[in-house]
Structure formats: C-alpha cells, structure tokens
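The values are calculated or read from the model by the stated rules, or taken from the named source; none is laboratory data. Remember, predicted model here, so these are calculated numbers, not experimental data. Methodologically, a virtual Cβ is constructed for each residue, glycine included, from the backbone with ideal geometry; neighbour enumeration extends over all protein chains shown. Each accessible area value is taken on the protein alone, full model and side chains, heavy atoms only, with ligands, DNA and RNA left out. Shrake-Rupley method; radii C 1.70, N 1.55, O 1.52, S 1.80 Å.
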Amino acid sequence: MKKVSQLICSFALGAMMALPSLAQPLEQPNSPDYNPKASYDGPYKLNTWSISAHFGPSMFFGDLREYDFWPVTKTNSDSHKESGTFQGGLTINKQLSYLFGARLDGSIGNLRGMKRRNYNRYFEGNYFDVSLAGTVNLKGLLMGPNKMKRWKIDAYAGIGQIFYDATAYDLTGGVALRETGKMNDWIVPTGLNINYEVSKRIDIGLDFRLNHTNSDYLDATYGGDYDRIKDSFIISDQKTSRKGNSELDSYGFGSIQLTYKLGKKALKVAKVDGKWDYKPDEGGYYHLRYTDPKVLLKAPKILTLEEMDSVAKANRPKDIDPRLLLDTDGDGVSDFFDKEPNSPAGSIVDGSGRVLDFDSYVKNALATGAACSEIFANVMFDTDKNTIKPEFQELLKNVAALMNKNGCRLQLAGHTDRRATDRYNIALSRRRVDAVKNYLINEAGLTDPSKVIVDYFGSFKPIADSATRAGLQRNRRVELKLLP
C-alpha cells in the first residue's frame, strides 16, 4: 500500500511538468486572424497560468471531534486553551479553456480534536498534502462571460496524498495514549473557490475545501477503540483502510486566497458606454480566467443603405467607353477600333475594320505563304434556316484553303434574330455553327477540324435593330474570325 501511495504522490508532483503539454485550450471560433495551429494566437492570445497562496483555519472530521472550531483543553481543570488549528499552501492554476481548468495544490497544517463521550481523549497532529484537481467555472457556465464580470466561482475535485503524524492523549491527565508515527494515504479533495479580480494581475478570494481520506487514523483513533491501554495495538502496523464503528476521517479548511495572474502584458477589460470593451490588438493579453475567447471576436458591422451606396460609389470602376460595346456596321469590329465604322453589310474586314478584297487576299496568301492576319466575316442565313447559301460557299472554301496552307485558326459564333423562344434560338444558332463547320470539313476540304473553335449565343448578341427586316437579316448570322 505504501508503494502504491508513493507512486501516486510522484504522479501528482510530476503533473505540474506535464500540464503545459496536456493543457491544450478549446478551439476558438472562426475569425480572419485565427491560426488553428497555435493556442490562442495572434490578437486573440490569452494568458492561462496563475499562482495562488492561501491561509486559514483547518477543520477535522472524525472520531475525536466534538466542538468544531472551538479550542481544545488538555485537562478539565487546566484553564489554558490551545491555539487554533491553521493551514496554508500554494496552488498552481492552469486554465485549459474558459470553463475548465486544472490546479496543483500543496498544503501544510495541523489538526486537533477531542471527544469526552466514550473516548475521553483529544489529539494533535500535523500534515502535508499534495493533490491534482480539475476545475469547472460555475459562474461562466451558468451566467456567461459578461455577467458578474469580475467574479470567478469554481468547483473542483481531484486526487492526492496526505502525509501525517498524530498523537492521542487522555483528556483528564494529558497522558499520551497512542501515536500514529509518520503515515501517508490517499485523499480526494473537493471544494469551492471564489475569486474577485482586483487588478490586471491580482485576484482575492476564498477557498473552501473538504478532503476525504482513505484512513480512520488521522486522530490516532479508530471507531470503537475505547480502551486507552491497548499497548499491543500499533497503528503504523495496521492497514489504513481499516476502520471501526465510524466513517473514514476527513479534514478541510476555509482560506483567504491571493492569486497572481502570470503571463506577459496583462490586460483588464473596462467598460465603455456601459459595455465591456475588449481591445486585444493593443499589444496586451487578457486572462482566460475571466475572458471567453468568443467575446474577443467583434461582430461584423451591418452597413446601412446609405453606407453601402457610399462604398459602391467609392469602388465604382471607371465608365467603359460606349464605343467598345457598339458595332454599327456589324462587321465584328467594335466602333472603338473600327477604322471604317460604316462598312457595307456582309463585308469582309481585317482586324482594324477596313474592308478588304478577300479573293485577292487569299490568292496572295496562298502564293507567298504569308502568315494569317486577323480577318472578320459573316455568313448570313434565311429565317429559321441553317443551310449555307451559295454566295458564301466560295468564301468558306477560301477560308479552308488558308487554314490548310498557313495553319490559321478559326473561331465561329452562331446567332439568330429574336423571333422565337430563347431555348429554340440557342438550338438554332448551334445548328448554324455546326452547318458551317461541317461544310468546311466535308465540302471545303479542311484537314484539321481541331483548329475550329465554336460557340453559339441565340439572340442574346444582336448587331442590328430587330424591329426592322434589315436588322433581323443582319442578326441571322455565323461570325467567322480568322486568327493567326
């Protein structure tokens, strides 16, 4: 049993070294600056460590207990009163998240108690204990992060070890009856911790704890042991789980606690216009004891209509020259670049919109092997038809010859007038493009169909007013764009 107890004690003492690796905080809410690979990193980093000192009266609960905190008299006739029982210690706190944490405690103190009925004895003892406990932020859990902002109320429970020695005395004569010797055993600490944030570094509070032990010998007495001269009974030889007619011993304390919050560049939130104003980007860090990371994320501003209009005006791009959107003569070159914006309908033009003699251009290109230039032309169609008219067949044969000879590429775009549904017009424009491409391949002798790029737009890109017959005719087309 002693070996097991020593092992548990070593684990508790070593837990402080393990806390930094175990204490990974809860994940924060999403934000533009949040780095999930780091713990509370960037402007949302929070301090998490603190150290506390506590001091106050201790209290024993066991066989030799009668008057609670009242002093114990050594004899009935002796008027001298023993001083009270006290304890003190240190606590290392690690806040794992806003609601949960861990604490490593070490305390040293003394215990006293007496009982006249049956026992007629009192005892005195000293102890040292160490424990590791988990904490729950009750205030934050029940009330949220912004109510009772300066307060922190934790409940905690854990496991640890106590090292103690005690001596029992006859209450009348003051004769020593039995000593425990130096012993150790398990404890299960439970408690309530109340703190108030005084400054960005200091908290003051109260700590109330009850330690449940696995022993009935803290008072050098076990239940039913009325015989004060059982010299053959030696406590240090007994199993600590043995007990008589009473429950296992317990002890506790009520303490004043002073806490120092560790971490760099500590901040303490203040109220502005009646609301808590967090400023994590001012070069300091709030403490996770009092600050939920969620409150550091500021809600996005909802713009008014006037503000949205102002933003839109401030970010409005420069107006586009309207000539870029117009093609008055329908030759495929916008008026902004068109050197001859009034070309006759159906003209074949170069990239600058100048009308050219396509037959002469083809003959010269085929003879000299010159590279292709950017040339625009239109193949026109009758209403609701996709048949290639004879007047455009020679044009398409020349286009195929140029592509075969000089490696030109061809972009085809099909269009219709508006006298049908959008769905029908899209299908019709596609049939017209396919008709031109098939003619190039099957009739004009195009050897490499992969150089033809096709698209179709229905009636969505007119080049003329659809309110006139001439305009409707100009819109029923397949645009050819010969490319280098």
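Tabulated values for the structure
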item	result
Residue order for Tyr285, Tyr290 - accessible surface, 1.4 angstrom probe, largest first	Tyr285, Tyr290
Segment Ile108-Lys271, extension gain: residue separation times 0.36 nm, minus the distance between their alpha carbons	54.6 nm
Derived scalar couplings ³J(HN,Hα) [segment 422-438; Karplus, 6.51 cos²θ - 1.76 cosθ + 1.60; whole Hz; x for Gly, Pro]	4, 4, 5, 5, 4, 5, 5, 5, 5, 4, 5, 5, 4, 5, 5, 4, 5
FRET efficiency for Phe337 and Ala299, using Cβ-Cβ distance with R0 set to 45 Å, rounded to 0.05	0.35
FRET efficiency for Lys405 and Lys313, using Cβ-Cβ distance with R0 set to 60 Å, rounded to 0.05	0.65
Chain lengthening between Leu366 and Asp165 when straightened (0.36 nm per residue, less Cα-Cα)	60.9 nm
For segment 120-174, accessible area per residue (1.4 Å probe, heavy atoms of protein chains only), Å²	35
Accessible carbon and sulfur surface of segment 324-446 relative to its total accessible area, %, 1.4 Å	48
Rounded accessible area per residue of segment 331-484, 1.4 Å, Å²	51
5 angstrom amide H check on Tyr456, placed H, neighbours 5+ away	Gly414
Using θ = phi - 60° and Karplus 6.51 cos²θ - 1.76 cosθ + 1.60, couplings along segment 267-280 (whole Hz; Gly, Pro as x)	10, 10, 5, 10, 8, 10, 6, x, 10, 5, 10, 8, 10, x
Paramagnetic reach from Lys461 (point 7 Å along Cα→Cβ, amide N under 15 Å) across segment 378-399	378-379
Amide proton proximity set for Asp216, modelled H, under 5 Å, gap of 5+	Asp249
Glu247/Val175 FRET efficiency (R0 35 Å; Cβ-Cβ; nearest 0.05)	0.80
Carbon + sulfur, % of accessible area of segment 250-314 - ligands and nucleic acids excluded, 1.4 Å	59
Karplus-derived HN-Hα couplings along segment 165-182 (A = 6.51, B = -1.76, C = 1.60, θ = phi - 60°), whole Hz, x at Gly and Pro	8, 8, 10, 9, 10, 5, 5, 8, x, x, 7, 5, 9, 7, 10, 7, x, 8
Residue pairs, from the table Lys149/Lys294; Lys271/Lys298; Lys264/Lys301, whose Cα atoms sit over 20 Å apart	Lys264/Lys301
Pair Arg150, Val136: separation of 7 Å Cα→Cβ label points (nm)	2.8
Amide H within-cut-off set for Ala166, under 5 Å, with H built and near neighbours excluded	Thr180, Gly181
